[in-house]
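Structure record follows, encoded as structure tokens.
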């Protein structure tokens, strides 16, 4: 392995190269742009033999990804915010056609008002599109997760696209020491893509035909079974990657930090977990039984793993860097459904960090203090 101090965006681009991606259709949008820029630099320098396609929009980028993947290519793309929103209809098509495209999403707030900074509203808004969604906390985890994402997506029992979601600016533009695995190790872990079906003029097939009412429901049930079944595949792929690299992230679905004896637990996605870890450590030194549950996989939603992690908690605070306007935070809503009649923990929801607003150590400590003292559910915006 080689260790380099690089930003997370470059780490993602390097991961695509290590995976020997064939086609990269992409359109630039802040804060995702450094990813295709780095890929373009590697192509220009002769380091990456890939077809880089400049398209006229994000809608076109994912449409081109569909064509390339259907023809049997390993495909990577990236986007953010309004770009992901513009892909909306094509996201459902990619999943419905069971194409194992991997896409990095540099999480950014959605307009209006115009905002280029981080929250997770963009990918959260697409959680029902049939993509596996994996959220990462560090540049190292971003690189490793892109590599694992291909092995998950291309598994014949899965055959679904994967979003690797990394916080915009808060992570994409942050430099850290990153271990870059050797090409031979990645080749050992990730075999060449051999599609189950592909567009071939010598063996004509139809992809994406009309689904009449009597048949459409069966396709949706197959997708649901595949994405729920991917929980075990994600765990298996993660375990294999851990054995090869000595690096791991919980069980691939969730990651626990001092939850075994914790009475008060914070649940979060992405870089907020790094701040929460420090808060937990400091409060533990003061004798507080607190912990952190990091959700890495939002889709599939690992209900049983989460229940097992929170079984001893008195109170749980869900930190949502998003808001389902007119309701509550999306992760809180999922968690509330999962815990209903299965846990005695009092569930709280905190909306924070929208539009790039800092999530500070004092915020996390204050949340722990509030849920420890409250005997009724809290729903609060931290502004």
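Taken together, the values in this text are just the output of simple stated rules run on the coordinates, not laboratory data. Here the structure is a predicted model, which is why all the values come from computation and not from measurement. Reconstructed Cβ throughout: ideal geometry from the backbone, glycine too, with neighbour counts over all protein chains shown.
From the list [x] 145; [y] 402; [z] 131, can you say which value of volume of the Cα convex hull per residue in Å³ was derived from the structure given? For volume of the Cα convex hull per residue in Å³, the calculated option is [x].
Of all DSSP beta bridges located in the chain, what percent are antiparallel, nearest 5? Please list the in-between numbers first.
Numbers: 12 of 49 bridges.
Given both bridge residues lie in the chain, the antiparallel proportion sits at roughly 25 percent.
Distance distribution P(r), the stretch 254-381, all Cα-Cα pairs, bin width 10 angstrom from 0: 13, 51, 33, 3 percent.
What relative contact order, as a whole-number percentage, does the stretch 206-276 give when Cα pairs under 8 Å and 6 or more residues apart are counted? Walk me through the intermediate numbers first.
Values: 20 pairs, mean separation 11.9, N = 71.
With pairs under 8 Å counted, the relative contact order is 17 percent.
When peptides 316-323, 83-90 are sorted by average Cβ neighbour count within 10 Å, with the highest value leading, the order is 316-323, 83-90.
Neighbour counting of Cβ atoms within 10 Å sorts the residues 59, 215, fewest neighbours leading, into 215, 59. If R0 is taken as 51 Å, the Cβ-Cβ distance between residue 336 and residue 47 corresponds to a FRET efficiency of 0.60. Ordering 249, 44, 332 from the fewest to the most neighbouring beta carbons within 10 Å gives 44, 249, 332.
Axis of helix 272-285 versus longest Cα principal axis of the chain: the two differ by about 30°, to the nearest ten degrees. Against the main long axis of the alpha-carbon atoms of the chain, helix 330-339 sits at an angle near 70°. Take every Cα pair under 8 Å whose residues are at least 6 apart in sequence, average their separation, divide by the length of the stretch 2-245, and the relative contact order is 25 percent.
Taking 22 Å as R0, compute the FRET efficiency from the Cβ-Cβ separation of residue 88 and residue 114 and round it to 0.05.
Details: r = 19 Å, r/R0 = 0.86.
For residue 88 and residue 114, the calculated efficiency is 0.70.
Each Cα pair under 8 Å and six or more residues apart adds its separation to the average, and for the stretch 85-222 the resulting relative contact order is 28 percent.
Largest mean-square fluctuation among 48, 197, 92, in a Gaussian network model of the chain whose springs join Cα atoms under 10 Å apart, belongs to 197. Once the chain from residue 274 to residue 220 is taken as fully extended at 0.36 nm per residue, the excess over their C-alpha distance is 15.8 nm. Please find the FRET efficiency linking residue 307 to residue 197, where r is the Cβ-Cβ separation and R0 is fixed at 45 Å, and quote it to the nearest 0.05. Result of the calculation: an efficiency of 0.75. Counting beta carbons within 10 Å around each of 156, 365 and listing the fewest first gives the order 156, 365.
Against the chain, whose longest principal axis is taken from its Cα atoms, helix 8-18 shows a tilt of about 40°. A simple spin-label model places pseudo-atoms 7 Å from Cα toward Cβ; at residue 324 and residue 373 they are separated by 3.0 nm.
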